[in-house]
Amino acid sequence: ALECDAESKDYSFKGIIDNVVIDVPTKTVRVNDFKTTSKALKEFSESVDHWNYWLQAIVYLKLIRNFLSKQVKVDPDEWNIEFRFIVFDKYDQLYAFKVSDKTRQSWQQRFEDVMLDAEYHLKFKDFTLPAKYAKGNVEL
């Protein structure tokens, strides 16, 4: 179980990571998140979006960077941090989906957008509508 404060310190991120492998000689951290699915492996990417697993991945990566910095006392920028979904499908097949740097960067941008919405809701204590509607930013 890990926890770290958000930049605004009005809230924190918490998570229980399934598996972490720290390879000190190569300065590599592998974060493994186990998933089971009732679909085939080839359809797992749909689940990543549907269940917001991408958001969980970014939070876990944030927690690991904080852990390296605060607990291990190393610069996380000097380490290679990898993320994998270890997926067990309906056919009893197992596969480790490594998340590419390009995908991680796109998820990071999505995360930042989600956090802007979350901070709006926390600031104004208004949870009646999604932030873009509450702000009046949606037109047909």
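Among Tyr53, Phe124, Thr28, whose Cα lies farthest out toward the positive end of the dipole of the chain, if unit charges sit on the beta carbon of Lys, Arg (+1) and Asp, Glu (-1)? It is Thr28, whose Cα lies furthest towards the positive end. The helix-only estimate of mean residue ellipticity at 222 nm for the chain, built from DSSP H runs of length n ≥ 4 each weighted as -39500 (n - 2.57), is -12000 deg cm²/dmol after division by the residue total.
Quick check: at a probe of 1.4 Å, how many percent of the accessible area of the chain sits on carbon and sulfur atoms? Provide the component values of the computation, followed by the final result.
Numbers: 4820 of 9400 Å².
Heavy-atom surface of the chain belonging to carbon and sulfur, 1.4 Å probe: 51 percent.
Suppose all protein chains stay in the model; what accessible area per residue would a 1.4 Å probe give for segment 65-140, in Å²?
Working: 5660 Å² over 76 residues.
For segment 65-140, the solvent-accessible area averages 75 Å² per residue.
Before anything else, pin down the relative contact order of the chain: Cα pairs under 8 Å, at least 6 apart, normalised by residue count, whole percent. The normalised contact order for the chain reaches 21 percent.
Within the set of other residues whose C-beta is less than 10 Å from the C-beta of Lys90, count the net charge using Lys and Arg as +1 and Asp and Glu as -1. Write down the numbers at each step before the final one.
Details: positive: Lys39; negative: Glu43, Asp89, Asp92.
Counting the neighbours of Lys90, the net charge comes to -2.
If you work out Rg/Rh (Cα atoms, Kirkwood Rh) from the coordinates, which of [x] 1.02; [y] 0.96; [z] 1.12 do you get? Looking at Rg/Rh (Cα atoms, Kirkwood Rh) for this model, the match is [x].
The alpha-carbon of Lys70 sits under 18 angstrom from the alpha-carbons of these lysines, leaving out residues fewer than 8 places away in its chain: Lys9, Lys14, Lys27, Lys62. What separates the Cα centres of segment 38-76 and segment 94-120 is a distance of 8 Å.
The values are calculated or read from the model by the stated rules, or taken from the named source; none is laboratory data. Just so it is clear, the model here is predicted, and its values are computed rather than measured. Backbone-built Cβ (ideal geometry, glycine too); neighbour counts: all protein chains shown. Keep in mind that these areas ignore ligands, DNA and RNA; they rest on the heavy atoms of the full protein, side chains included. Shrake-Rupley method; radii C 1.70, N 1.55, O 1.52, S 1.80 Å.
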